[in-house]
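Everything below concerns the one structure shown next.
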Amino acid sequence: MKIFGNGFIAKNLKKVRLPKKFFIYAAGVSNSNVKQNKVYNREINQFKKIIRKINSKKILIYISSLSVENKNLQADKYVKNKLIIEKIIKNEVPKFIIIRLPQVVGKNCNKHTLTNFIYNTFKKEKKFYLWKNSKRNLIDIDDVVKILKAYLLNSPKINSTINIFNPKSISVRSIIKIFSEILKKKITIK
C-alpha cells in the first residue's frame, strides 16, 4: 500500500499494513479557513498529476471531509474543493473509495484544528468567540485508523463513498469546558 501525504492523518495511516492494491491519498489543504483560490487550484493540479501516475488496477482511497454533506457549507471554498476532487475521482478513476471524515482529533501540530485552536486560546489567555448552539462531530485518529483498516481488509465496496463519523456530536461549549477542567484555566467566551 502507498500513502500520499505528510499530514496528521497520513502519518497515522502509514502505521497500518494494508494490501498493495490500495493507494491512499491523504493530502490537501490542512486549514479549512483558507480563502485563496491559488491554494485550492494547486491542490487540484497536484491531485490530477498523482492520479495519472496510479496504476489502473490499484484502488484509490481518497480522504475527504464530511463537511461536504452540510448544506450550509456548499459555498465554502474548502468544501467546494473537496467536491471538485470527488467529482474528478468519480469521472476519471476506475477503482476508488471516498472516505469522508468529520473533525479528526489527536496529537498533532496543526494549529488550525479546532482542538488545537481551543488549546492555544487557553494558553494565550485570549477571548473565544463562540457561535450560539454550535456543535462539532469529533473522531479520534486512533478510531479512524482502526475503522479504515477493518473496512479495507473486509471486502470494501469499490466505487463508493463512505461516511465515517461519531454517532454523537458535541457542543463547542462542552469542548471548552473539558479543556478548562483539564488545564485548570478559564477563558472569556463571547
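Check every DSSP H run in the chain and write down those whose alpha carbon atoms cover 15 angstrom or more along the long axis and whose mean Kyte-Doolittle hydropathy is -1.0 or greater.
Sorted by number, the helices that extend far enough and score high enough are 77-92, 141-153, 172-183.
Looking at this model, which pairs from K21/K157; K38/K90; K87/K111; K20/K57; K48/K82 are more than 18 angstrom apart at the alpha-carbon? Can you show the working numbers first?
Details: K21/K157 14 Å; K38/K90 23 Å; K87/K111 29 Å; K20/K57 10 Å; K48/K82 13 Å.
Beyond 18 Å: K38/K90; K87/K111.
Send over the per residue convex hull volume for the chain, Cα only, as a whole number of Å³. Walk me through the intermediate numbers first.
Values: hull volume 24.4 nm³, N = 190.
Here the figure is 128 Å³ per residue.
Using only the alpha-carbon atoms of the range 133-187 as identical scatterers, what base-10 log of I(q)/I(0) does the Debye formula give at q = 0.13, 0.15, 0.24, 0.25 Å⁻¹?
-0.51, -0.61, -0.98, -1.02
Find how much the distance from E69 to N137 grows on full extension, using 0.36 nm per residue of separation minus their present alpha carbon separation; answer in nm with one decimal.
That works out to 23.2 nm of additional length.
Determine which aspartates and glutamates satisfy two conditions relative to K149: a Cα distance under 18 Å, and not lying fewer than 8 residues away in the same chain.
Cα-Cα hits under 18 Å: D140.
Among the aspartates and glutamates, which have Cα under 20 Å from the Cα of K58 when same-chain residues fewer than 8 positions away are ignored?
Qualifying aspartates and glutamates at Cα under 20 Å: E86, E92.
Distance cut-off 21 Å, Cα to Cα: go down the list K2/K49; K71/K135; K53/K146; K77/K177; K15/K53 and report the pairs above it. Could you put the intermediate results ahead of the total?
On the way: K2/K49 16 Å; K71/K135 15 Å; K53/K146 28 Å; K77/K177 30 Å; K15/K53 23 Å.
Over 21 Å apart, Cα to Cα: K53/K146; K77/K177; K15/K53.
Applying 1/(1 + (r/R0)^6) with R0 = 25 Å to the Cβ-Cβ distance of A150 and K20, what FRET efficiency is obtained, to the nearest 0.05?
Details: r = 18 Å, r/R0 = 0.74.
For R0 = 25 Å, the calculated efficiency reads 0.85.
So how exposed is T188, as accessible area in Å² (1.4 Å probe, rounded to 10)?
70 Å²
Normalised by the residues of the chain, what does the relative contact order come to in percent, with Cα pairs under 8 Å and at least six apart? Can you show the working numbers first?
Numbers: 267 pairs, mean separation 41.6, N = 190.
This gives 22 percent for the chain.
Over the chain, what percent of the accessible surface lies on carbon and sulfur atoms, probe 1.4 Å?
51 percent
Might you report the magnitude of the Cβ-based charge dipole of the chain about its Cα centre, with Lys and Arg at +1 and Asp and Glu at -1, to the nearest 20 debye?
Result for the chain is approximately 360 debye, rounded to the nearest 20.
Take the chain, connect every pair of alpha-carbon atoms lying under 10 Å apart with a spring to form a Gaussian network, then pick out the residue of S169, S155, S67 with the largest mean-square fluctuation.
Maximum fluctuation in the GNM of the chain, among the listed residues, is at S155.
Compute from the Cα atoms of the range 1-65 the Rg and the Dmax, the latter being the longest Cα-Cα distance, and quote both in angstrom.
My reading of the Cα-based Rg and Dmax gives 12.6, 37 Å.
Going from the alpha-carbon gyration tensor of the range 96-190, what semi-axes, largest first and in whole Å, does one get by taking the root of 5 times each eigenvalue?
Details: eigenvalues 205, 35, 23 Å².
Largest first, the range 96-190 gives 32, 13, 11 Å.
The values are calculated or read from the model by the stated rules, or taken from the named source; none is laboratory data. This structure is a prediction, so every number in the text was calculated from the model and none was measured. No Cβ is skipped: glycine too gets one built from the backbone with ideal geometry, and neighbour counts run over all protein chains shown. The area values use the complete protein model at the heavy-atom level, side chains included, leaving out ligands, DNA and RNA. Shrake-Rupley method; radii C 1.70, N 1.55, O 1.52, S 1.80 Å.
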